[in-house]
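These notes concern the structure reproduced below.
The values are calculated or read from the model by the stated rules, or taken from the named source; none is laboratory data. On a predicted model such as this, the values are computed, not experimentally measured, just so you know. Please note: Cβ atoms are built from the backbone with ideal geometry, for glycine as well, and neighbour counts cover all protein chains shown.
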Amino acid sequence: AGLSGGQQRRIALARVLLSRAPVLILDEPCAGLDIDTERAFLETLNTVADDRTVVLITHRLLGVERLDRIWRLVGGRATAAAG
């Protein structure tokens, strides 16, 4: 039996978290996840990302409190929202 879309997404996120890459670029990593899984992923991301550069592209600001810089893209212009 194949994996569901949600299972595939969780496996992909686990691989990212376990990678040794110094830079992580995540585009809507929590799309399609339930709220508990999303929170758990973001908590783990904050833990493993301390010595890495993380570019997190998202529409939701849940879990971004610990990020060093937050930029908003509005009307094609990037503006600093925090940091």
> Looking at Ala78, Ala49, Ala40, Ala82, which one is of a type in the set (Gly, Ala, Ser) and loosely packed, with under 10 Cβ neighbours inside 10 Å?
Replying inline: Ala78
> Among Ile11, Ile70, Ile25, which is at pLDDT 85 or above, exposed (fewer than 12 other Cβ atoms within 10 Å of the Cβ) and β-branched (Val, Ile, Thr)?
Replying inline: Ile11
> Do any residues in the stretch 1-26 that are more than 14 Å from Asp51 (Cα to Cα) have Cβ atoms under 7 Å from those of residues that are part of a loop (DSSP other than H, G, I, E, B) and modelled with pLDDT of 90 or more, where the two are at least six apart or on different chains, and which pairs are they?
Replying inline: Leu13/Pro29
